[in-house]
Amino acid sequence: MKKLFSLLLALAMVLSVAGSFAEGANVLRYGMETEPAGFDPHTISSHASIRVMAQVYNQLVDVNENLEVIPELATSWEVSDDNLTYTFHLADNVVFHSGRKMTAEDVKYSLERVLNPDLGALGNSSSYAGDIDTVEVVDDTTVKVTLKKVNVTFLSNMASSYCSIVDKDVVEANEGSLLLADGGTGPYTLGEWVADNHVYVHAFDQYFDEAGKATFDAIEFYTMTDASSRLNALRAGTVDLIVADTAMLDLVAENDPIQVISYQTRDYVGLFFNCKRAPFDNPLVRQAVNYALNREEIIDFAYNGTAAISGFIPASMGHWAVDVTEKDYYTQNVEKAKELLAEAGYPDGFETVITVGLEDGIRDMGVVAQQQLEAIGIKAEVKNEENAQYIDDWKAHNFDIMICHNGAGSDPNRGVAFFFSSTGSANIQDYANERVDELCVLATATTDTAQREEYYKEAINIILDECATATVACPMAYFLATPALQGYAPNASNTSNFAGVTLAK
């Protein structure tokens with residue numbers, strides 16, 4: 001029955017994809033695993049949304065796969081001797097999709113929009129734009145940004161989609177919201193969005209960067225939550241590229257013409273505890289859950305054995321990472337977990353809810369975690385939410401345990417401060433430790449890399465030992481593509497760059 005259902009879903013997708021553009025159009029059709037949650041780059045963190053927004057918006061700078069800051073809307077910049085003032089020189093040929101030329105006023109407006117507390121922007125933290133004091137327009141192509149305090153990660157922070165430059169006129173015409181509007185300068189314009197089906201983006205012929213110009217007339221993003229349906233649609237030729245999971249790799253034989261495209265992420269997946277909600281306000285309970293988990297078993301089930309055991313700063317972050325395999329609580333010890341629960345006042349365990357959603361790996365992890373927690377007396381209901389509800393509960397910190405897939409970013413400031421400082425925008429678990437807060441401030445105030453590493457590693461060890469999360473794994477990322485797709489080379493810094501990518505005829 002499950003196989004029949006998958007085939008029916010694939011047939012439905014074939015019918016919905018067919019005929020969306022004129023015959024002969026150069027279109028890339030992309031099957032995604034989740035539904036977008038809207039397209040405001042300052043407020044939306046959904047992976048599916050970010051894939052679309054990457055085509056529509058630009059930032060002042062970008063970060064390449066070697067974690068080096070490179071120009072984007074800003075062609076160059078200078079930093080003052082005191083490391084507080086950044087002067088950006090903007091490209092003079094940038095045009096919004098509305099047809100209006102972008103100027104320094106738009107940069108000022110965009111950054112001040114992010115800083116507006118009424119918006120609830122994800123970039124309004126020290127891990128992004130939160131340390132900005134003033135934004136001054138020098139002339140049409142020059143903008144001066146002054147920080148409240150030294151933050152050596154500021155330049156790389158500006159590469160985040162959360163700091164995208166947006167069209168003031170479009171924002172105001174849509175009553176302050178970009179969820180359904182296009183205020184971008186990117187190589188593609190936002191087109192039709194049909195919920196639970198597709199989003200189209202169209203080539204923008206006035207894109208400022210010749211090297212980054214659209215190579216497709218359009219990209220069609222299709223929501224295909226069922227993995228078998230995505231694979232069947234790829235085999236049927238109705239999509240060209242799909243987000244894959246590790247289970248799908250077993251279905252691609254060695255002589256299969258389908259391309260397997262992969263890279264090592266800087267992401268991590270784990271259980272986030274609500275540290276303000278009993279019983280997870282007790283560190284002993286959080287430690288017990290960590291001891292209860294068999295991470296190898298979870299990785300085998302959820303990621304087909306291909307992910308690496310990880311902390312929230314993965315080994316792919318290089319010298320910034322801590323070797324979590326040396327931590328006692330990363331080795332399953334059911335008896336130790338039971339002792340900790342009894343010490344915390346829960347000798348018979350308790351009932352709780354594990355919130356999952358968004359992607360198969362998260363859902364599969366919930367299934368295994370539920371079984372493993374039962375062995376220490378914790379009876380967990382797995383609550384499988386639709387994307388919109390999952391994101392709403394994420395924002396509202398409305399959960400006991402939530403399984404999340406997060407990105408550690410290009411600097412440990414994001415991986416530590418953004419998710420674990422008391423002022424971090426993504427500190428959904430409401431974890432607080434004064435020393436961690438102090439270390440995050442110290443680490444952003446020095447340009448000495450060795451000293452920064454010392455500060456961050458102290459903070460990482462505190463967070464790990466207080467078990468603010470039960471981080472499990474750093475996954476690989478996989479895509480499957482038609483053999484006709486050429487030039488697509490995603491990496492941990494950029495998975496959605498289709499400049500120069502083509503479909504062979």
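The values are calculated or read from the model by the stated rules, or taken from the named source; none is laboratory data. Note that this is a predicted model, so its numbers are computed, not measured. Here the Cβ positions follow ideal geometry from the backbone for every residue, glycine too, while neighbour counts run over all protein chains shown.
Within the stretch 423-435, the set of residues being over 15 Å from Asn274 (Cβ atoms) and of a type in the set (Ser, Thr, Tyr) comprises Thr423, Ser425. Tell me whether the stretch 306-318 contains one or more residues that are in a helix (DSSP H, G or I), assigned by TED's automatic domain parsing to the domain that holds Ala342 and within 25 Å of Gly487 (Cα to Cα). Scanning the stretch 306-318 turns up at least one residue that is in a helix (DSSP H, G or I), assigned by TED's automatic domain parsing to the domain that holds Ala342 and within 25 Å of Gly487 (Cα to Cα).
Between Ala54, Ala74, the distinction of being within 14 Å of the chain's Cα centre (by Cα) and small (Gly, Ala, Ser) belongs to Ala54 only. A Cβ distance below 8 Å, combined with a sequence gap of six or more or placement on separate chains, defines the contacts here; from the stretch 47-70, residues that are without any contact (Cβ under 8 Å) to a residue 40 or more places away in the chain reach residues that are not basic (Lys, Arg) in the pairs Ser49/Pro36; Ser49/Ala37; Ser49/Gly38; Ser49/Phe39; Ile70/Val61; Ile70/Asp62; Ile70/Val63; Ile70/Asn64.
Filter the stretch 454-476 down to the residues that are over 21 Å from Asn406 (Cα atoms) and out of contact with any helix residue (DSSP H, G or I) (no Cβ under 6 Å at 6 or more places or on another chain) and list them by number. Within the stretch 454-476, Glu454 is the sole residue that qualifies. Only one entry in Thr142, Thr185, Thr153, Thr223 is β-branched (Val, Ile, Thr), in contact (Cβ under 8 Å) with a residue 12 or more places away in the chain and more than 27 Å from Ser425 (Cβ to Cβ), namely Thr142. Do you know which residues across the stretch 103-125 are among the aliphatic types (A, V, I, L, M) and in contact with an Asp or Glu (Cβ under 8 Å, 6 or more places away or on another chain)? Within the stretch 103-125, Ala104 is the sole residue that qualifies. I'd like the full set of residues that are over 18 Å from Asn58 (Cβ atoms) and touching a Gly at 6+ places or on another chain (Cβ under 9 Å), limited to the stretch 194-211. Result: Val199, Tyr200. In summary, Gln59 fulfils each of the numbered conditions (1) within 25 Å of the chain's Cα centre (by Cα); (2) surrounded by 23 or more Cβ atoms within 10 Å (Cβ to Cβ) with the single exception of condition (2). Selection of the stretch 324-376 for residues being closer than 26 Å to Asp392 by Cα, among the β-branched types (Val, Ile, Thr) and either in contact with a Leu (Cβ under 6 Å, 6 or more places away or on another chain) or crowded, with 19+ Cβ neighbours inside 10 Å (or both) yields Thr352, Ile354, Thr355, Val356, Ile362, Val368. Search the stretch 155-209 for residues being surrounded by 23 or more Cβ atoms within 10 Å (Cβ to Cβ) and aromatic (Phe, Trp, Tyr), and hand back the single one that is nearest to Phe418 (Cα to Cα). Among residues in the stretch 155-209 that are surrounded by 23 or more Cβ atoms within 10 Å (Cβ to Cβ) and aromatic (Phe, Trp, Tyr), the one nearest to Phe418 (Cα to Cα) is Tyr162.
A quick yes/no check of all residues on (1) surrounded by fewer than 21 Cβ atoms within 10 Å (Cβ to Cβ); (2) on the phi < 0 side of the Ramachandran plot; (3) among the hydrophobic types (A, V, I, L, M, F, W, C):
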position: Phe39; (1), (2), (3): no, yes, yes
position: Ala54; (1), (2), (3): no, yes, yes
position: Glu65; (1), (2), (3): yes, yes, no
position: Ile70; (1), (2), (3): yes, yes, yes
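With respect to the conditions (1) more than 19 Å from Asp40 (Cα to Cα); (2) in contact with a helix residue (DSSP H, G or I) (Cβ under 6 Å, 6 or more places away or on another chain), Ala253 lacks only one, and its number is (2). Of everything in the stretch 101-129 that is without any contact (Cβ under 8 Å) to a residue 60 or more places away in the chain and in a loop (DSSP other than H, G, I, E, B), the residue that is farthest from Asp62 (Cα to Cα) is Asp118. Every condition in (1) assigned to a helix (DSSP H, G or I); (2) over 23 Å from the mean Cα position of the chain (by Cα) is met by Gly361 except one, and the failing one is (2).
The strands (runs of 3 or more DSSP E) located wholly in the stretch 131-245 that include 1 or more residues which are under 30 Å from Tyr303 (Cβ atoms) occupy 198-203, 218-223, 241-244.
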